[in-house]
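The values are calculated or read from the model by the stated rules, or taken from the named source; none is laboratory data. As the structure is a computational prediction, the values presented were derived from the model and not from experiment. Cβ placement follows ideal geometry from the backbone for every residue including glycine, while neighbour counts extend to all protein chains displayed. Remember, those area values only see protein heavy atoms, side chains included, never the ligands or the DNA or RNA. Shrake-Rupley method; radii C 1.70, N 1.55, O 1.52, S 1.80 Å.
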Amino acid sequence: MHAKQPGMVLKVKAKPGMGDELFQACHELHFNGDPDGPVDWVLARSDEDPDLMWAFEFYRDDASFVRHYSSAALQEGQLDEAHQRIADLVADGSAEWGVRAPVHIVSSS
């Protein structure tokens with residue numbers, strides 16, 4: 001991880017009792033072979049809610065970040081099987097679903 005590396009912070013709430021499945025599905029998604037996908041990532045569980053996930057994803061550079069988030073399928077809302085699995089695990093109408101914030105690293109260990 002390096003200064004100015006682009007990333008995305010996501011807050012995702014699973015349906016009640018589905019947190020473990022959400023974490024597993026998101027973990028597996030990070031190994032899909034996307035050359036523009038995150039190169040560094042962390043999935044963190046809330047200490048107060050086992051169905052609440054915070055995801056921190058960091059990309060090689062600004063260009064790969066832009067390519068990843070501007071893919072035609074993503075822009076058109078077309079979900080592949082892996083993303084549909086995650087969508088099916090997310091709490092319906094959850095205020096936490098879809099909370100995303102683009103970020104850049106200032107410093108890291």
### For the chain, accessible area per residue (1.4 Å probe, heavy atoms of protein chains only), Å²
62 Å²
## Note on the structure
Output row, site Ser109, 7 Å Cα→C-beta label point, backbone N cut-off 15 Å, window the stretch 1-19, residues 1-2
### Task
Sum -39500 (n - 2.57) across every DSSP H segment of at least 4 residues in the chain, then divide by the residue count to get the 222 nm mean residue ellipticity, nearest 500.
-8000 deg cm²/dmol
### Task
Could I have the simple spin-label model distance between Asp88 and Ala3, label points 7 Å from Cα toward Cβ, reported in nm to one decimal?
4.6 nm
### Task
State which stretch of the chain is the longest one without any exposed GluC sites (Glu not before Pro), exposure meaning a DSSP loop state and at most 14 other Cβ atoms within 10 Å.
1-47
### Task
Treating the angle as unsigned and between 0 and 90°, give the value, to the nearest 10°, between the Cα long axis of helix 19-29 and the longest Cα principal axis of the chain.
30 degrees
### Message
How large are Rg and Dmax for the chain when calculated on the C-alpha trace, in angstrom?
### Response
13.9, 37
### Message
Give me the percent of accessible area attributable to carbon and sulfur for the chain, probe 1.4 angstrom.
### Response
54 percent
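Near Ile105, within a Cβ-to-Cβ distance under 13 Å, what is the net charge of the other residues, with Lys and Arg +1 and Asp and Glu -1?
Neighbourhood net charge equals -2.
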